[in-house]
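Written out below as structure tokens is the structure these notes cover.
The values are calculated or read from the model by the stated rules, or taken from the named source; none is laboratory data. Because the structure is a prediction, the values reported are computed rather than measured. Glycine gets a Cβ as well: all are built from the backbone with ideal geometry, and neighbour counts include every protein chain shown. SASA here: full protein model, heavy atoms, side chains in, ligands and nucleic acids out. Shrake-Rupley method; radii C 1.70, N 1.55, O 1.52, S 1.80 Å.
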Amino acid sequence: MKLVISAGDPSGDIRGAELLTELQKMTGLEVSGLGGKSIEKAGGRVVFSLYEYSVMGFAEVLSSLGKFHRLRRDMRSHIDSVNPDILLLVDYPGFNIPLSVWAKKRGYHVIYYISPQLWAWGRKRVRKIRKSVDLMITLFDFEVEFYTRYGVRAVCSGHPLADSIPKPLKSESCREIAFLPGSRRQEISLLLEPMMKSFTLLRDSGTVSGASIAVSPNVPSEFYETAAGIKGVRLADSVEEALSGASAAVVCSGTATLETAMWGIPFVITYRTSKLTYLLARILIRGVSRIGMANIVTGSEIAGELIQSDVTPDNIAGSVKPLIQDTEIRRDSLDRMRLVRKALGPEGSSRRAAQYILEEASNEIS
């Protein structure tokens, strides 16, 4: 089976690679397209590297329009040259939704894996999905219900984190804290400094003695140099390594909130972006009162949220301190983690998604 993949951000690269690994167990596969190191390691031929195109936010995308225009043109040419059995789009909606519209007009079979959060900010764009996507594979049951209401064929595979994090870490009240500042340069540039200043406050008050920072392989090491020089700070190569031995964590909003909850570590969510991006988001996003994915998918407050101007060293330190110490707040937070595991579904999600794709491809070929 010939497949062209479009995965333009780090999390999509990981999820896409997990899916390709399962697909290769089921059928012969030729994969090429937009991706990163994980997709390449899984056997895909990365024609376009995601590291040039991984940005977050409206304003940030606007500043990169020329680069994205060239990628759109080159990606279309690549698809036409390959003539794939399946065009697999992984999240990355700003690029992938327009690509799906073009591809469907050209007669390609389009499968979208990991739903864009249209239920939060893009209900008008569901019409494009209905016309241009043959099958939507979601990670959450509530997303299937959403798409079904709008006439989109959708199935739920569950979340791959149920496979990669089968059981939580042992979390004890101690004097260690973890910081997860994100996987993109702009996230880290906006969040790491106030995170480190909050650590200094906690360390100097005797609340904690050490901290670990989850380092993204997609970001140059110089982004972490200043933080690494702070007394008591160490760099960790993975989220699991950073969280191991930590009493609590301070986490960038996004998939990392799901990971931290699955590992069973109490945490506080932080979110900062440019003023323009945040203003536009406030205008566009409707029907969602929370920003952290762990809070959204469970419909409850798994973790407190600090947003934009509230992301200050004092606020971070004050919010995370009760989670570090042996308090009722910490015990209640640990108890609510099970809601996230339930929301992510049973193990085997990547395998189920691969089966859906294989069935769809077989129907198309026949």
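Results, tabulated for the structure shown:
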item	result
Pairs, first more than 17 Å from A246 (Cβ to Cβ) in segment 220-232, second assigned to a helix (DSSP H, G or I), C-beta under 6 Å, six or more apart	F223/I188
Only one of E359, E328, E301, E305 that is open to solvent by 30 Å² or more (accessible area, probe 1.4 Å) and within 30 Å of H109 (Cα to Cα)	E359
Exclusive hit being in contact (Cβ under 8 Å) with a residue 24 or more places away in the chain, surrounded by 15 or more Cβ atoms within 10 Å (Cβ to Cβ), in contact with a helix residue (DSSP H, G or I) (Cβ under 6 Å, 6 or more places away or on another chain) and within 22 Å of S253 (Cβ to Cβ), set L180, L191	L180
Identity of the residue in segment 162-195, over 23 Å from I14 (Cα atoms) and part of a loop (DSSP other than H, G, I, E, B), that ends up modelled with the highest pLDDT	R175
Filtered residues of segment 142-169 (kept if open to solvent by 70 Å² or more (accessible area, probe 1.4 Å) and among the polar types (S, T, N, Q))	T148
Tally, over segment 336-354, of residues that are open to solvent by 80 Å² or more (accessible area, probe 1.4 Å) and either assigned to a helix (DSSP H, G or I) or closer than 18 Å to M293 by Cβ (or both)	3
Residue, most open to solvent (accessible area, probe 1.4 Å), within segment 1-28, restricted to residues that are closer than 16 Å to I111 by Cα and part of a loop (DSSP other than H, G, I, E, B)	M1
Residue that is within 16 Å of L191 (Cα to Cα), open to solvent by 50 Å² or more (accessible area, probe 1.4 Å) and among the hydroxyl-bearing types (S, T, Y), where the choices are T277, T226, T312	T226
Residue, most open to solvent (accessible area, probe 1.4 Å), within segment 196-214, restricted to residues that are touching a Lys or Arg at 6+ places or on another chain (Cβ under 8 Å) and part of a helix (DSSP H, G or I)	R203
Top-ranked residue of segment 122-141 - restricted to ones that are open to solvent by less than 70 Å² (accessible area, probe 1.4 Å) and assigned to a helix (DSSP H, G or I), ranked as nearest to L99 (Cα to Cα)	S132
Positions within segment 107-121 being of a type in the set (S, T, Y), out of contact with any Asp or Glu (no Cβ under 8 Å at 6 or more places or on another chain) and either open to solvent by less than 10 Å² (accessible area, probe 1.4 Å) or at pLDDT below 80 (or both), in sequence order	Y112
Residues satisfying the stated conditions in segment 215-229, i.e. under 19 Å from V251 (Cα atoms) and not in a helix (DSSP H, G or I)	V215, S216, P217, N218, V219
Members of segment 233-260 found to be buried (at least 24 other Cβ atoms within 10 Å of the Cβ) and in a loop (DSSP other than H, G, I, E, B), listed by number	A246, S253
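For every residue, the table says whether it meets (1) of a type in the set (A, V, I, L, M); (2) in contact (Cβ under 8 Å) with a residue 24 or more places away in the chain; (3) within 20 Å of C252 (Cβ to Cβ).
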| position | (1), (2), (3) |
| --- | --- |
| T298 | no, yes, yes |
| V340 | yes, yes, yes |
| E347 | no, yes, no |
| A354 | yes, yes, no |
